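For reference, the structure is listed below as structure tokens.
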Amino acid sequence: MDVLGFVIRLWLAFPRPLGVTVGMVLLATLADVLMPLAAGRLVSDVAEPAVQSARLHHALWMVAALAGCGFGSVLAKRYAYLGITRLTTRVMQKIGTESFAHVQRLSTDWHANTFAGSTVRRLTRGMWAVDMLDDTLLLMLLPEFCLLVLTTLVLGWHWPAMGVMLGVLSALFVALSCMLTLRYVAPSAQAANAGDSKVGAALADAITCNAVVKAFGAETREEERLTHTLDQWRTATARMWIRGTDSANIQAAAVVVMRLSLAAAAVWLWCKGQAGPGDVAYVLTMTFLVQGYLREIGQQVSVVQRSVNEMEELLLLWRTPLTVADPAQPVSLHVAHGDIEFKHVTFQYPGQKTALFTDLSVRIAPGSRVGLVGPSGSGKSTFTKLLLRLYAQNSGHILIDGVDTASVRQSDLRRQIALVPQEPILFHRSLAENIAYGRPDATAEQIAQAARLANAADFIERLPDGYATLVGERGVKLSGGERQRVAIARAFLADARILVLDEATASLDSESEALVQEAMERLMQGRTVLIVAHRLATVVGLDRILVFEHGRIVEDAPHAELVQHEGGLYQRLYALQSL
Ligand code: ADP
């Protein structure tokens, strides 16, 4: 119901194609309903000798009506298809854009906990589910419903008893097909699909681990395993096919019974003198028509059920709330100095039992370089995430140049803080595009300049395609140090007053390390810098070091002072690392 409401709301966003589709479907159905009527009248006409010119005239009119209905139905169906093509493609596009926009804004947490592949699949499957749903609901079930109502009415108007009979028989038939498809065929299809996935998984597992299989000479063992899985698959698939056939046969038999009953009723009416040959012809043609329409109704209902399930997944995505929402009336932020202040900040991760930060206050002066150190899990990264507003604090304020970050648009805030993450992620686009990501309008000269400052120009210019080199998915074609220097070049171009560096934990070779270090030093010039440091060597030269422990800042001074602090955490950490 939820999904259907959602789909109907989407349809209503495009009233024109929706109107054309529904209107034309109704017209085509009406033409189909009139056809047996005209056929019946024609038979009545030809049952009499053709000597009376009025009869002949009428018969010719009926032939014309048949032609009109036939072509009218074809034409109306064509326009219905054109209408639904527009409707469906637009709805799919709308779903695609809006879901993507929502997914992009979902929290870092959500993205961290969700496989990208599965999100992509949910999105595209949801889009295609709309296609199936549109076709089945508008092009199949809607005309079927209208046809049943109309023929029942036409028949009931002539002979009320026959109308009731057709209504009841059709309802029984629809119920029977739905039950067969949903209760009998669908579960076996699910089992067969599960079997199919198992075979795929078993094959992939054994083939990826082929080296192990070889090393233990276990080929036969693996083959036996696969045979076992294939056995299950075979049983399940055979059951699905047989049930499909059973269901089709039962439905075909039901249709025969339905047709016979209506024909018998017509003959009975003829016996009582209430129906002529034309009426019998009408009833027979009409039952063929109804049967043609209803033949696949069970199948269609199951398609609707499946698409609804797939849409539900998408709807769930759509309904996932943004953990950090933008303010309704954002103020604009222009960071001129890079003055950062945390004021009584309390923050607790959703799902954690206790708060990580309680009443944390700290001020970072413009242009100062601050190292964040402390044991793993002490809250260093979270501190920078709060600054970037990837998470919202539960209480307290974070101010940049005196502006509360909660009052500005997140994209506005993040554009003005350059971030060099621990493991830079690159798009599968050219190096130039990757470097210019923070400033898409940068000229080639500016890009090259940023690369030079980041010590990246040398290796880039050595590549055969230079700045046009595609870097491979997530930048896999570059070494760790090179990726990092590209990220630094990116930060140079972004030219933000505030810089957040997350030091790479993975060790680079010493030459690469020196190049990265040098580029970082250059990048830090004249900015407020926060460095999440894993090696204390990095922070020795900084203006100030904040030492974190269990979400508290336990020490706050430059290196020279901290090493003097007997029994301090920094001194202990320093002693450990010096070893
Ligand atoms: P550090 O950067 O100092 O290693 P973090 O700031 O990453 O520490 O983590 C601080 C604490 O918060 C840790 O106890 C960690 O388990 C917890 N934490 C980090 N990220 C999340 C998250 N997304 N959800 C819940 N808890 C988290």
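The values are calculated or read from the model by the stated rules, or taken from the named source; none is laboratory data. Computed from a predicted model, the values in this text were never measured in an experiment. With ideal geometry, Cβ positions are generated from the backbone for all residues, glycine too; neighbour counts draw on all protein chains shown.
Here is a check on your reading of the model: is residue 56 assigned to a helix (DSSP H, G or I) and surrounded by 18 or more Cβ atoms within 10 Å (Cβ to Cβ)?
no
Taking the conditions exactly as written (within 16 Å of the ligand (Cβ to nearest atom) and loosely packed, with under 15 Cβ neighbours inside 10 Å), does residue 552 satisfy them or not?
Here the answer is no, as residue 552 does not meet what is asked.
Go through (1) touching a residue at least 40 places away in the same chain (Cβ under 8 Å); (2) farther than 30 Å from residue 133 by Cα; (3) buried (at least 20 other Cβ atoms within 10 Å of the Cβ) and name the single condition residue 32 misses.
So the condition that residue 32 fails would be (2).
Yes/no matrix, rows are residues, columns are (1) in the same structural domain as residue 174 (by TED's automatic domain parsing); (2) among the hydroxyl-bearing types (Ser, Thr, Tyr); (3) in contact with a strand residue (DSSP E or B) (Cβ under 8 Å, 6 or more places away or on another chain):
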| position | (1), (2), (3) |
| --- | --- |
| 273 | yes, no, no |
| 292 | yes, no, no |
| 302 | yes, yes, no |
| 305 | yes, no, no |
| 314 | yes, no, no |
| 324 | no, no, no |
| 368 | no, yes, yes |
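Restricting to region 112-149, name every residue that is charged (D, E, K, R) and under 20 Å from the mean Cα position of the chain (by Cα).
121, 122, 125, 131, 134
Restricting to region 342-389, count the residues that are charged (D, E, K, R), away from the ligand (no atom under 15 Å from the Cβ), surrounded by fewer than 17 Cβ atoms within 10 Å (Cβ to Cβ) and at negative phi.
Number of matching residues: 2.
Just for region 393-410: of the residues that are in contact (Cβ under 8 Å) with a residue 60 or more places away in the chain and surrounded by fewer than 16 Cβ atoms within 10 Å (Cβ to Cβ), which one is nearest to the ligand (Cβ to nearest atom)?
Here the answer is 409.
I need the full set of residues from region 98-111 which are within 16 Å of the ligand (Cβ to nearest atom), surrounded by fewer than 15 Cβ atoms within 10 Å (Cβ to Cβ) and either more than 14 Å from the chain's Cα centre (by Cα) or farther than 21 Å from residue 391 by Cβ (or both), in order please.
Step one: of region 98-111, the residues within 16 Å of the ligand (Cβ to nearest atom) are 106-111.
Then drop every residue that is not surrounded by fewer than 15 Cβ atoms within 10 Å (Cβ to Cβ), which leaves 108, 111.
Listed by number, the list holds a single entry, 108.
Inspect region 6-25 for any residue being of a type outside the set (Val, Ile, Thr), within 23 Å of residue 281 (Cβ to Cβ) and in contact (Cβ under 8 Å) with a residue 12 or more places away in the chain and give the result as yes or no. Reasoning before the result, please.
Looking only at region 6-25, we keep the residues that are of a type outside the set (Val, Ile, Thr), and these are 6, 9-19, 23-24.
From the residues that got through so far, the ones that are within 23 Å of residue 281 (Cβ to Cβ) too are none.
Looking through region 6-25, none of the residues is of a type outside the set (Val, Ile, Thr), within 23 Å of residue 281 (Cβ to Cβ) and in contact (Cβ under 8 Å) with a residue 12 or more places away in the chain.
Go through 432, 442, 457, 451 for me and flag whichever is without any contact (Cβ under 8 Å) to a residue 12 or more places away in the chain and either buried (at least 18 other Cβ atoms within 10 Å of the Cβ) or of a type outside the set (D, E, K, R) (or both).
One residue alone meets the criteria, 457.
Among the residues of region 155-179, count how many are surrounded by 18 or more Cβ atoms within 10 Å (Cβ to Cβ) and either under 34 Å from the mean Cα position of the chain (by Cα) or β-branched (Val, Ile, Thr) (or both).
1
Residue check: is residue 74 in contact with a Leu (Cβ under 8 Å, 6 or more places away or on another chain) and of a type in the set (A, V, I, L, M, F, W, C)? Before you say what the answer is, go through the steps one by one.
On the way: in contact with a Leu (Cβ under 8 Å, 6 or more places away or on another chain): no; of a type in the set (A, V, I, L, M, F, W, C): yes.
For residue 74, the condition - in contact with a Leu (Cβ under 8 Å, 6 or more places away or on another chain) and of a type in the set (A, V, I, L, M, F, W, C) - is not met.
Quick one: in region 256-301, of everything that is out of contact with any Ser or Thr (no Cβ under 7 Å at 6 or more places or on another chain) and among the β-branched types (Val, Ile, Thr), which residue is nearest to residue 139 (Cα to Cα)?
The selected residue is 287.
With 388, 399, 356 as the choices, which residue is over 35 Å from the mean Cα position of the chain (by Cα) and aliphatic (A, V, I, L, M)?
Details: 388 fails: over 35 Å from the mean Cα position of the chain (by Cα); 356 fails: over 35 Å from the mean Cα position of the chain (by Cα).
On inspection, the qualifying residue turns out to be 399.
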